[in-house]
Structures are given as structure tokens and as C-alpha cells.
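Working notes, beginning with the structure itself.
The values are calculated or read from the model by the stated rules, or taken from the named source; none is laboratory data. Small disclaimer: the values here were computed from a predicted structure and weren't measured. Methodologically, a virtual Cβ is constructed for each residue, glycine included, from the backbone with ideal geometry; neighbour enumeration extends over all protein chains shown. All accessible areas refer to the heavy atoms of the entire protein, side chains included, with ligands and DNA or RNA removed. Shrake-Rupley method; radii C 1.70, N 1.55, O 1.52, S 1.80 Å.
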Amino acid sequence: MKKLILGVLGSGKGSNYRAIQEAIDRGELNAEVRVVISDFENAGILDIARDRGIRAEYVAPGKFRTKLEPEAEAKVVELLKAEQVDLVVLAGYMRLVKEPLLEAFPRQIINIHPALLPKFPGLESWKQALTAGETKSGCTVHYVDAGMDTGEIIAQREVPILLDDTAESLHARIQVAEHQLYPEVIRLFLRQ
Ligand code: GRF
């Protein structure tokens, strides 16, 4: 069966990207990450890619804080297309996605969010869940649209919120669930 070609976008430390790469290494995911792209020159996610000999690209975001400038997003599309990417995987990518990318990859861009959407979109959602007195949280993989964490939900995994949880302990538990769920969901795209 043909391998799924992945392009990964991330702004941070890249633990989800690492989990995807490790699932590939273990033979659990018939995929290949061809390129990792970041809007932060020093992002850990780029180092993980470089250490593995995977193409790692920094694309300067331009003047906006919450999205890429259109020229920068066009550059991202060019990189992904040049590598013949089947699925664009957002892994801790901290910007909204706009038309050039959405039009180039219709229903081929997914994101993971550390909450049970539609509850608690946006930043530091585990803190939001804790403050709201929830008894459970988790993570959601969803298609990406132009909104913030608003795209159609593909899969979710729950984790409990314990009485003595801090923001850090809850986030760590959610991340363990993320690292299991994301490779599992990516595997579903092999059958499409
Ligand atoms: C994850 O919690 C993910 O849900 C959110 O950003 C975080 C990225 O973490 N979108 P990492 O860079 O994969 O470690």
C-alpha cells in the first residue's frame, strides 16, 4: 500500500511530531514525513526533524501575530506541494490557517487541540478546563478551517481531571493522550 506523505507544521517543542515519527519507526503508521515547517526559527520541532535528517524549513511569518502573511503562506504551500504532501499535520502550530493553504489542501489539513472541543478552544485550554471545574478533559483531532479550533471533529480522547491536578499535571496527562491519538487518526487517512 502507498505510504502517506506528511508535511508537519509546528511552532513549539514538537512532542506530537516526535510521537508521529516514533509510530512510523515502530511500523505502526505507513507514512513518511517529508518536510517540517515552522514559523519560529529556533523551534524544537525543527531540531527534531534535522536530527532525523528530515527536511526542516523556517518560513518567516511576516507582520501578523495570529496568521502568516499571504506571501509566507504561499511559500508554505510551495514547500508542501514540492514534497507531494498528502496530509498536512498541524502539531502545536500557533497560527490560523488562511486561504492559500486551505484551498491548496481541501480536507487534507488536521490539527490536534488539548481539550474536548467544542469546549475550550484557543490558548491554554487545559487551564480553562481546570478553572471551569470540569471533571474530565482530553484532546481532539479535527479538520482545519479558517477559524480557531472550529473545524469538523474527527476523533477525541478523554482523560480525567483529578482533584489535586495542577495546570502542569493536567497538561502532561493530556499530552500522553495526544501522542497516542494523533498517529491513530493519521492512520485513518491511509484508507481514503
Ligand atoms: C499540544 O498540546 C497541542 O494540542 C497544541 O499545542 C501543543 C503542542 O505541543 N495544539 P508539542 O509541540 O507537540 O509538544
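Filter region 12-30 down to residues that are within 13 Å of the ligand (Cβ to nearest atom) and not in a helix (DSSP H, G or I) and give me whichever is nearest to residue 73 (Cα to Cα). Even if it seems obvious, please write down each step before you answer.
Of region 12-30, the ones within 13 Å of the ligand (Cβ to nearest atom) are 12-22.
Add one more test, that the residue is not in a helix (DSSP H, G or I), and what stays is 12-14.
On the way: 12: 18, 13: 21, 14: 20 Å.
It comes out as 12.
If you check 9, 87 for being away from the ligand (no atom under 16 Å from the Cβ), under 17 Å from residue 182 (Cβ atoms) and open to solvent by less than 10 Å² (accessible area, probe 1.4 Å), only one passes: 87.
So which residues in region 142-161 are away from the ligand (no atom under 16 Å from the Cβ) and of a type in the set (Gly, Ala, Ser), if there are any at all? The one that is away from the ligand (no atom under 16 Å from the Cβ) and of a type in the set (Gly, Ala, Ser): 146. The set of residues from region 162-186 being within 13 Å of the ligand (Cβ to nearest atom), out of contact with any Ser or Thr (no Cβ under 9 Å at 6 or more places or on another chain) and of a type in the set (D, E, K, R) comprises just one member, 168.
In the set (1) at pLDDT 95 or above; (2) on the phi < 0 side of the Ramachandran plot; (3) over 13 Å from the mean Cα position of the chain (by Cα), the condition left unmet by residue 179 is number (3).
Here's a check for you: in region 118-144, which residue that is among the β-branched types (Val, Ile, Thr) and not in a loop (DSSP other than H, G, I, E, B) is most open to solvent (accessible area, probe 1.4 Å)?
Start the filter on region 118-144 by keeping residues that are among the β-branched types (Val, Ile, Thr), which leaves 131, 135, 140-141, 144.
Checking the rest, the ones that are also not in a loop (DSSP other than H, G, I, E, B) come to 131, 140-141.
Working: 131: 123, 140: 0, 141: 0 Å².
Applying the filter and picking the extreme gives 131.
Within region 60-76, residues that are on the phi > 0 side of the Ramachandran plot sit with their Cβ atoms under 6 Å from residues that are among the charged types (D, E, K, R) and open to solvent by less than 50 Å² (accessible area, probe 1.4 Å), at 6+ positions apart or across chains, in these pairs: 62/69. Selection within region 31-59: residues that are open to solvent by 60 Å² or more (accessible area, probe 1.4 Å) and not acidic (Asp, Glu). The member of this set that is nearest to the ligand (Cβ to nearest atom) is 40.
Can you list residue pairs whose Cβ atoms sit under 8 Å apart, with the first residue in region 14-26 being among the aromatic types (Phe, Trp, Tyr) and the second being in a helix (DSSP H, G or I)? Count only pairs 6 or more apart in sequence or on different chains. From region 14-26, the pairs are 17/45; 17/48; 17/49.
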